Amino acid sequence: MGQQGDLRYLTKKLFRDKVLASQIIRIIKEYWELLRARKGVEEVKIMNFCGTHEYTTTHYGIRSVLPPGVNLVAGPGCPVCITPSFYVEAAVKLALEGLTLYTYGDAYKLPAVKEIDGCRSLSDARMMGADVRVVYSFLDAIRDAAKHDKPSVFLAVGFETTCPAYASGIVNRLVPENLALIMAGRLTPPAARFAVERVGAVSGVIAPGHVSTITGAGVWRFLPEEFDIPTVVSGFEPLDVLIAITLILKQLLEDEPKLVIEYSRTVTMEGNRHAKRLLAEVFDTVDAAWRGIGFIEKSGYALNENFSRYDAFRLYGIREPSREEWRHDLLPGCICGQVILGAAKPTDCRLFMKRCTPGTPYGPCMVSVEGSCSIWARMGGREALVEVV
Amino acid sequence: MCLGVYGKVVRVEGELAVVDFGGGLIKDALVGVEEVREGDYVVVHAGIIVSRLSEEEFTEVFRYVEEAARQLAQTESRVAEYLESMRVRLQENLSGQK
Amino acid sequence: MSKISLAHGSGGIETSQLLARLILNRLPEWMKSPDGGLGLDFPDDSAAIPVGSGYVVTTIDAYTVSPIFFPGGDLGKLAAAGTINDILMLGGKPVAVLDAIVIEEGTSMDDLSRLVGSMISLLQEEKVCLVGGDIKVMPRGQLDGILITTAGIGVASKIIADKNIRPGDKIIISGTIGEHGAAILAAQQGIKSDEFKSDVSPLTKLMLPLIEDYAEDIHAARDPTRGGVAMALNDWARGSQTMIVMYESELPIREPVVNLCEMMGVDPLNLASEGTALLAVSPEKAEEVLSRMHELGYREARIIGEARERASSVGLVVLKTLIGGARILEPPSGELVPRIC
C-alpha cells in the first residue's frame, strides 16, 4: 500500500474519503436550501468542459447524491467527440492506401460520416487489413515508427494538454522521418465561450483542471467577468468536484461571480510556461471546425511553416475544407452537436441505446469513453439510482 | 478530456523522465515542464509531464470547505458539527501518513 | 458493412449479441439442453447432462492470448486451468480433458513444446486425464501464432446453476480482481513492473471442499474471465431476476492494478481473472463459507455485495460508490483499448 508522504496515496485517501464527502454533500444541501429560500432559485445548471470531470461525476455517482435542483451538464470537453469527420476520413484513406496509422484507443473507434471503401473508422480499416496501431502516447508511436521505415501517420487529436507532446517530440527532433501528423488539436476556451454564448442559462462552470495546468487558470477569467458565471478550476477526484460545486453555490449565494482555483495542487494562474512556449513554437492558432458545431475562431492548432514537413496533409496532398466548404458533419438523427454544447441530454436523443450503443456507436459522443453518451450509456442517469442510495 | 495520472519522477534523462506511477509501475514520459527533478510528483497525460504537484497546496483546498462550514455555522447552528467532524477526519487521513 | 470485428470477441455485449444471432436464435428450445440438464438455455460456465443419479458436466473453450508467455503463466496453462475452472463452477469434479491445437506454420518448436508441457503438467498435478485431441497446422499468415482449444468433462451429483441466485444472497469473491487482465495489459503496453502477475490457476482446492459441504448454500458460482466481474454479475442479474448491489469500498483490487487501470483508462471490473471465483451464497451461510475460504488459503476472499429483490429494475447491477453515491455497472462493451481522455 502507500508509502510515507506519498502524494499519490494521499490523494486517493483524502479526495475519495467517504466521511469528508458526506460532510461536503451536507454543505451543498445547506447552500441549496439557502439559495431557494433567499433567492427563490429553482434550478442551478453547472457545466463542465472536460470529459474527465463528466467521468468522475458518473463514476462516483455524484449526480445521485446532489439535491434535485442542482444539475451537472457536460459541455464540449471531449477532444475525440469534437474531431471533425473529415480528419477521420483522411486517416482511413491513408491507412487503406498502405500507410501505418497510429492513434489513441478512443480515436481508433471514432466513426466518420462518410464511408471510405466500406470503412467508417480506423478500427474498420484494420478489420480490412490496414496497418492501424493503437498507442498510449505519441512517444510510443515515435518509438514504434523508428523501428520500421514504413511511411506512417499519427492522427493527432487533443486539447492544450495533449498537444505539447506533439510539439515536444518535434522540437526535440525525436520524430523519425517516416512519421507525419494529421494535426487536429483544438483549444478549449474559445469553445467554452461559444457554448455559454449560445446555450445561455449556465449558472456555474467547472473548468478543466488539466487543460489549465498548461494554459493557466487565467484563460477562464472571461466567464465571471463577461458572463457573470462563477467559475472553479477543479481537480478530478470526487471530492474535488464536490468542493467545486460548493464553491459555485457559495458564489451564487453571495452574488459574487469570480474565478477560483480549487485544483491549486497543480494549477496556477499563469500555467506551464515551458509547454506554452513549445506550443507557440510549433503551432499557429487558426479558425477550426468542431464536429457537430462548426467553425470556431482561433480554436485550432496547425503546424506552422517551419515544421510543415511533419504535416501529413501537405505530404500526401490532402486539402482541409475551408470554412465555406465545411458541412454539418453529423449523421442523420444524431444530436451530438447539442449534447456537446450541453443543450441536450443523451437521453433526449431518440437513437440513444437503440441505434447508437457503446458497441455500435453512431454518433461521436458514443465513441469516446469520455463522450457524454458513452458515459450515460455505461453509468446510467440519475433516476434509477436514487432509491439505492 | 485529458486523463492525468500522478507519478513520481525516478530520474531525468534529457527530454525524457522515468516516472513511477505507484507500486513499481514504471513508464517514461516526455518532460513538458520547465524543470523537473528526481523525487518530484508530477501529472502525466498521454506520455508527457504536464505539471508538477505542490505538496504545500495539497490540503489547502479543504480550507475552502472549512470556511464554508464555518460560515454556515453562523446561520445554521447544526453545521458546526460538520466542521468538527471534518477537522477530525482530515487529521486522521493526514496522520495515517506519518 | 457487417463483418466480424475484435469487439465481437471481447466477451462483452457484442459477444452476447453475436452468440444470440449466430446460434441461440436458431435453435429450437429442445435443442438447447437435454431434459433435466443445463445447456444453452442459460449462460453458465459449463453444460450438465443428467446421467443416472447425477450429471456429466462438460465445457469447451478456445484459448488465444498475446503474448503467449506472460508473467504468471502461458497459453498452455491458461487452456488447462480455464477448462478445469469451468467444470468446477458448475459444481463438477473435473475428470478428463481433450485438446485441439492449431499452429501457424513457422512457429518455434521450443515455444510449442513449452506451452504443451505446461498444459500437461497442470493436468498432471490436478490428476485430470488427457484423453484425446487433434493438431492442425495453418499456412503462415493465416493464423497469428497458436490457438489451443480444450474440452473438459467432469461429474457432479448436484449442479450449481447460476439462475438459482435469490434475493438476500451475499456475493463473495475469492481473491483480488482483474489480475490476469492487468498482467496482459501491462505486457502489451510494455510496462516494466514485477507487480503484475496473472492469477491463472485451477480452483480445485477451493471449489471441491465447498461443493462437498455447501452445495445447497452456494446458489451461483462463476470464474469472471473475459469481460471480468462486470460481465459475470450482469449475467447473474439478468438471468436471476434480482438486482445486484455491489459496494465499491469492499472490492479487493490491488493498488498497482488500480494505478494501471487509471493510467490506461480501463475499468478493473472489466479485466479478466483466471484463478478467481465469484460466489452467491445464502445469507445464513455466507460468513461460514467465507471463513472456510480463508482456511483454504484464499485469504483475500470477501463479501463484496448482495442480491436484492426489486421488480422495477430487474437485471441491473448497481455499484454503491466510495463517496456514497450509486451508479449502474454496465457489462463491458467494445475492445479494451487505452484512452487519453
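No value in this document is a laboratory result; all are computed from the given coordinates. Note that this is a predicted model, so its numbers are computed, not measured. As a convention, Cβ positions derive from the backbone with ideal geometry for all residues, glycine included, and neighbour counts pool all protein chains shown.
Over all distinct alpha-carbon pairs, what is the Kirkwood Rh of chain A in angstrom?
Details: mean 1/r = 0.0460 Å⁻¹.
Answer for chain A: a Kirkwood hydrodynamic radius of 21.8 Å.
Partner shielding of A:240-251 amounts to 2, given as the average count of beta-carbon atoms from other chains within 10 Å of each residue beta-carbon.
Need one number: the % of Cα-Cα pairs in region C:84-212 sitting beyond the 23 Å mark.
Details: 4232 of 8256 pairs.
More than 23 Å apart: 51 percent of the Cα pairs in region C:84-212.
When A:Val153, A:Val233 are ordered from fewest to most other Cβ atoms inside 10 Å of their Cβ, what list results?
By the 10 Å Cβ count, ascending, the order reads A:Val153, A:Val233.
Among the residues of A:73-81, the average count of other protein chain beta-carbon atoms within 10 Å of the residue beta-carbon is 2. Could you list the GluC sites (Glu not before Pro) in region A:151-255 that lie in coil according to DSSP, counting only those with at most 16 other Cβ atoms within 10 Å of their Cβ? When the GluC sites (Glu not before Pro) of region A:151-255 are filtered for loop state and at most 16 Cβ neighbours within 10 Å, A:Glu177 remain.
Report note on the peptides B:65-71, B:88-94: ranked by the mean count of other C-beta atoms within 10 Å, highest first, their order is B:65-71, B:88-94. Grab every C-alpha pair in region C:184-341, bin the distances at 5 angstrom width from 0 up to the longest one, and report whole percents. Result returned by the calculation: 2, 8, 16, 21, 20, 16, 10, 5, 2, 0.
Basic side chains Lys and Arg get +1 at the Cβ, acidic Asp and Glu get -1 at the Cβ, and with that the dipole of the protein assembly as shown about its Cα centre reaches some 1040 debye. The loop-placed trypsin sites (Lys or Arg not before Pro) in region A:143-212, going by DSSP, that have at most 10 neighbouring Cβ atoms within 10 Å of their Cβ come out as A:Lys147, A:Arg173.
To test your reading of the geometry: what angle, between 0 and 90 degrees and rounded to tens, separates the Cα axis of helix B:61-75 from the longest principal axis of chain B? Helix B:61-75 and the main axis of chain B meet at about 10 degrees.
Report the extension gain between C:Glu287 and C:Val51 in nm, rounded to one decimal, defined as 0.36 nm multiplied by the number of residues separating them, less their alpha carbon distance.
On the way: separation 236, 0.36 × 236 = 84.96 nm, distance 3.36 nm.
Value of the extension gain: 81.6 nm.
Summarised in one figure, the compactness ratio Rg/Rh of chain C, Cα atoms and Kirkwood Rh, is 0.95.
Distances between placed amide hydrogens fall under 5 Å for A:Phe154 paired with A:Tyr102, A:Ala180, A:Leu181, A:Ile182, all partners being 5 or more residues away or on another chain. With both residues required to sit in chain A, DSSP beta bridges show an antiparallel share near 25%. Converting phi to 3J(HN,Hα) with the Karplus coefficients 6.51, -1.76 and 1.60 and the offset θ = phi - 60°, region A:161-178 yields 6, 7, 5, x, 5, 5, 4, 5, x, 6, 4, 7, 6, 8, 6, x, 4, 8 Hz in sequence order, with x at every glycine or proline. Here the extension length gained between B:Arg70 and B:Glu38 equals 7.5 nm, from 0.36 nm per residue of separation less the Cα-Cα distance.
According to the calculation over all Cα-Cα pairs in region A:277-359, the P(r) per 5 Å bin from zero is 3, 12, 16, 17, 15, 12, 12, 8, 4, 0 %.
Restriction of the trypsin sites (Lys or Arg not before Pro) in region C:196-303 to DSSP coil positions whose beta-carbon has at most 15 other beta-carbons within 10 angstrom yields C:Arg299.
For region C:44-96, what is the convex hull volume of the alpha-carbon atoms per residue, in Å³?
Details: hull volume 4.4 nm³, N = 53.
Value for region C:44-96: 83 Å³ per residue.
Per residue of peptide A:140-149, the mean number of Cβ atoms on other chains within 10 Å of the residue Cβ is 1. Computed over the protein assembly as shown, the P(r) curve from all C-alpha pair distances, binned at 10 Å from the origin, holds 2, 13, 22, 25, 20, 12, 4, 1, 0 percent per bin. Pairwise inverse Cα distances across chain B, averaged and inverted, put the Kirkwood hydrodynamic radius at 15.8 Å.
What's the magnitude of the charge dipole for chain C around its Cα centre, counting Lys and Arg as +1 and Asp and Glu as -1 at the beta-carbon? Answer in Debye, nearest 20.
Numbers: 30 positive and 45 negative charges, 110 e Å.
I would put it at about 520 debye.
Give the Kirkwood hydrodynamic radius (Å, one decimal) of region C:49-156, defined as one over the mean of 1/r across all pairs of different Cα atoms. Mind dumping the intermediate values first?
Values: mean 1/r = 0.0699 Å⁻¹.
Hydrodynamic radius (Kirkwood, Cα only) of region C:49-156 equals 14.3 Å.
The Rg/Rh ratio for region B:5-52 is 0.89, where Rg is the radius of gyration of the alpha carbons and Rh is the Kirkwood radius.
Mean projected area of the Cα convex hull of region C:119-171, taken over all directions, amounts to 7.4 nm².
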